[in-house]
Amino acid sequence: MSSLSEKSNDASETEEKMKGEDLEFFKSLLTNWMNELLQQADNTRLGMKDPSDNLADPADRATFESDRNFLLRIRDRESRLFKKIISALDRIKDGTYGICEMCGEEISINRLKARPVTTYCIRCKARLEAVEKTIGE
């Protein structure tokens with residue numbers, strides 16, 4: 001006959017194993033995402049050396065510059081995302097990934113799947129956004 005504490009231990013071992021599998025999933029997801037961003041950045045860098053930027057027509061030149069600026073803004077956003085991915089991978093290494101920085105509670109798996117770089121649980125993020133909205137940031 002097994003006791004309740006033995007069943008609890010079995011359950012916690014299963015949960016721990018599942019958490020390890022979850023961490024591996026997120027580590028792989030984040031690493032792949034980071035590699036994609038690096039590849040896109042490299043393609044952008046190579047594209048900037050394209051000799052086709054010698055355009056004589058002012059309208060063509062303006063379109064080219066507008067497209068280039070748009071691409072650079074996207075890459076800037078991706079650069080900030082890259083830093084968040086590195087931070088998330090560091091949190092996986094140090095054992096704090098999936099823990100809300102504000103309240104210390106675990107962040108739900110569904111939230112992490114939707115936003116793997118998040119540092120806040122949905123409740124704390126909603127509070128932060130409400131504060132930002134009221135003070136106009």
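The values are calculated or read from the model by the stated rules, or taken from the named source; none is laboratory data. Values in this document were obtained by computation on a predicted structure and should not be read as measured data. Here the Cβ positions follow ideal geometry from the backbone for every residue, glycine too, while neighbour counts run over all protein chains shown.
Quick one: which residue in 63, 44 is assigned to a helix (DSSP H, G or I), out of contact with any strand residue (DSSP E or B) (no Cβ under 9 Å at 6 or more places or on another chain) and touching a residue at least 24 places away in the same chain (Cβ under 8 Å)? None of the others qualify; the one that does is 44. Being among the aliphatic types (A, V, I, L, M), without any contact (Cβ under 8 Å) to a residue 12 or more places away in the chain and buried (at least 17 other Cβ atoms within 10 Å of the Cβ) is the filter here; which residues of the stretch 98-129 pass it? Those that are among the aliphatic types (A, V, I, L, M), without any contact (Cβ under 8 Å) to a residue 12 or more places away in the chain and buried (at least 17 other Cβ atoms within 10 Å of the Cβ): none in the stretch 98-129.
Scan the stretch 49-59 residue by residue and report those that are modelled with pLDDT under 85, loosely packed, with under 11 Cβ neighbours inside 10 Å and in a helix (DSSP H, G or I). 51, 52 - these are the residues of the stretch 49-59 that are modelled with pLDDT under 85, loosely packed, with under 11 Cβ neighbours inside 10 Å and in a helix (DSSP H, G or I).
Looking at the stretch 78-97 only, could you name the residues that are touching a residue at least 60 places away in the same chain (Cβ under 8 Å) and over 14 Å from residue 32 (Cα atoms)? If the condition is that a residue be touching a residue at least 60 places away in the same chain (Cβ under 8 Å) and over 14 Å from residue 32 (Cα atoms), then 92, 97 are the ones that fit.
Flag: residue 73 does not match the condition of being of a type outside the set (Asp, Glu) and outside the structural domain of residue 24 (by TED's automatic domain parsing). Looking only at the stretch 85-93, decide whether some residue is out of contact with any helix residue (DSSP H, G or I) (no Cβ under 6 Å at 6 or more places or on another chain), surrounded by fewer than 10 Cβ atoms within 10 Å (Cβ to Cβ), assigned to a helix (DSSP H, G or I) and aliphatic (A, V, I, L, M). Looking for residues that are out of contact with any helix residue (DSSP H, G or I) (no Cβ under 6 Å at 6 or more places or on another chain), surrounded by fewer than 10 Cβ atoms within 10 Å (Cβ to Cβ), assigned to a helix (DSSP H, G or I) and aliphatic (A, V, I, L, M), one finds none in the stretch 85-93, hence no.
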